[in-house]
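Here, each number is a calculation from the coordinates, and none is a lab measurement. Remember, predicted model here, so these are calculated numbers, not experimental data. Note: ideal-geometry Cβ built from the backbone for every residue, glycine included; neighbour counts use all protein chains shown.
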Amino acid sequence: MLKDLKEFLLRGNVIDLAVGVIIANAFGAIVTSLIQDVITPLFLNPALKAAGVEQIAGLKWNGIAYGSFLSAVINFLVIGTVLFFIVKTAEKAQNLAKKNEEAAEEEPAGPTELEVLQDIKALLEKQN
């Protein structure tokens with residue numbers, strides 16, 4: 001039983017999944033901070049003030065708290081937009097790195113030492 005547990009816990013998929021969850025949690029904290037500390041104060045708060053709905057979550061009509069729903073929808077759209085731009089930027093960076101690697105691989109190799117020496121020998125033979 002302990003052997004099976006050890007095999008399960010050390011299986012590559014479980015470790016990969018754990019690393020993925022930890023990285024996702026850390027990335028989630030970055031995105032949350034970006035939204036709350038940068039995007040919201042710079043863009044969302046001025047837009048809400050201009051529309052006259054600074055406390056959108058508190059909007060109600062006949063006991064229906066539609067403001068909370070609107071706030072959740074706006075939050076989703078902002079997070080989705082920010083993630084879209086982050087993913088696009090990461091994809092461009094990866095594509096650029098791939099292109100640089102391919103260009104480095106495609107560069108013709110310079111002449112070898114032997115080829116240079118043979119050229120020098122041929123030139124010296126022509127002079128004599």
**Study point:** Residue ranges of helices (runs of 4 or more DSSP H) in segment 26-128 with at least 2 members surrounded by 10 or more Cβ atoms within 10 Å (Cβ to Cβ) and touching a Lys or Arg at 6+ places or on another chain (Cβ under 9 Å)
**Key:** 66-106
Point to revise | Residue list for segment 48-106, restricted to those being more than 25 Å from Leu34 (Cβ to Cβ) and of a type in the set (Phe, Trp, Tyr) | key: Trp61, Tyr66
